[in-house]
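*Asks:* The structure is given below, and queries will be raised subsequently.
The values are calculated or read from the model by the stated rules, or taken from the named source; none is laboratory data. Treat the numbers as computed from the prediction; the structure is a model and nothing was measured. Ideal geometry is used to build each Cβ from the backbone, glycine not excepted, and the neighbour counts take in all protein chains shown.
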Amino acid sequence: MKKEAGFTLIELVAVLVILALLGAMAVPRFVDVSGQALTAAQNGSLAGVRSGHAMAIADLRRLPTVTELSTYVGGPNISAVGTGIQVVINGTNYTVETFTDTTCTAATAAVADTVGCIGTIN
């Protein structure tokens, strides 16, 4: 009698089930990639504004205005608005809040206000 080589139907089904389980575990990691990218871009913009604030204080030897801060942050997608520094990420405007005091309690209202504290990005 000739012995036939190959896989049984049970073995093939078991392999397919294992592959399906692995695929089901991997999908959630890739579904929210765009959300993670947006969060990373927002965090990068916030860090850039905070870095620009520190550079402006070191250079000017005083607290910068919102307008001055926007020039230290720089970039084509950066502008000064009354409530902070506006950044454009993927075509959407976000504002990094600025405050006139160093405890982040009194928000700036005009681009001529001095910036003592950098808040969050909204």
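*Asks:* Can you pull out the residues in the range 88-100 that are within 20 Å of Gly44 (Cα to Cα) and either in a loop (DSSP other than H, G, I, E, B) or not hydrophobic (A, V, I, L, M, F, W, C) (or both)?
*Replies:* Asn90, Gly91, Thr92, Asn93, Tyr94, Thr95, Glu97, Thr98
*Asks:* Another question, then. Given (1) at pLDDT 90 or above; (2) exposed (fewer than 11 other Cβ atoms within 10 Å of the Cβ), identify the lone condition not met by Leu22.
*Replies:* If we test Leu22 against (1) at pLDDT 90 or above; (2) exposed (fewer than 11 other Cβ atoms within 10 Å of the Cβ), just (1) comes out false.
*Asks:* Please specify each residue of the range 88-105 satisfying the condition of being of a type in the set (A, V, I, L, M) and under 13 Å from Val66 (Cβ atoms).
*Replies:* Scanning the range 88-105 gives a single hit, Val96.
*Asks:* Might you check whether a residue that is under 15 Å from Asn122 (Cα atoms) and either part of a helix (DSSP H, G or I) or among the aromatic types (Phe, Trp, Tyr) (or both) occurs anywhere in the range 78-87?
*Replies:* Looking for residues that are under 15 Å from Asn122 (Cα atoms) and either part of a helix (DSSP H, G or I) or among the aromatic types (Phe, Trp, Tyr) (or both), one finds none in the range 78-87, hence no.
Each row is one residue, and each column tells you yes or no for (1) of a type in the set (Ser, Thr, Tyr); (2) within 15 Å of Asn122 (Cα to Cα); (3) touching a strand residue (DSSP E or B) at 6+ places or on another chain (Cβ under 8 Å).
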residue	(1), (2), (3)
Val27	no, no, no
Val33	no, no, no
Ile57	no, no, no
Thr71	yes, no, no
Asp101	no, no, yes
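*Asks:* Related question: Any residue in the range 106-122 that's touching a residue at least 40 places away in the same chain (Cβ under 8 Å) and crowded, with 16+ Cβ neighbours inside 10 Å: show its pairings with residues that are in a loop (DSSP other than H, G, I, E, B) and of a type in the set (A, V, I, L, M) at Cβ separation under 8 Å, as long as the two are six or more apart or on different chains.
*Replies:* Going by the 8 Å Cβ cut-off, the qualifying pairs are Thr108/Val115; Thr114/Leu63; Val115/Leu63; Gly116/Leu63.
*Asks:* Then there is this: How many residues are in contact (Cβ under 8 Å) with a residue 12 or more places away in the chain and either outside any helix (DSSP H, G or I) or within 14 Å of Gln86 (Cα to Cα) (or both) if we restrict to the range 16-42?
*Replies:* So the answer is 2.
*Asks:* Can you tell me how many residues within the range 101-118 are in a strand (DSSP E or B) and either touching a Lys or Arg at 6+ places or on another chain (Cβ under 8 Å) or closer than 17 Å to Tyr72 by Cα (or both)?
*Replies:* 3
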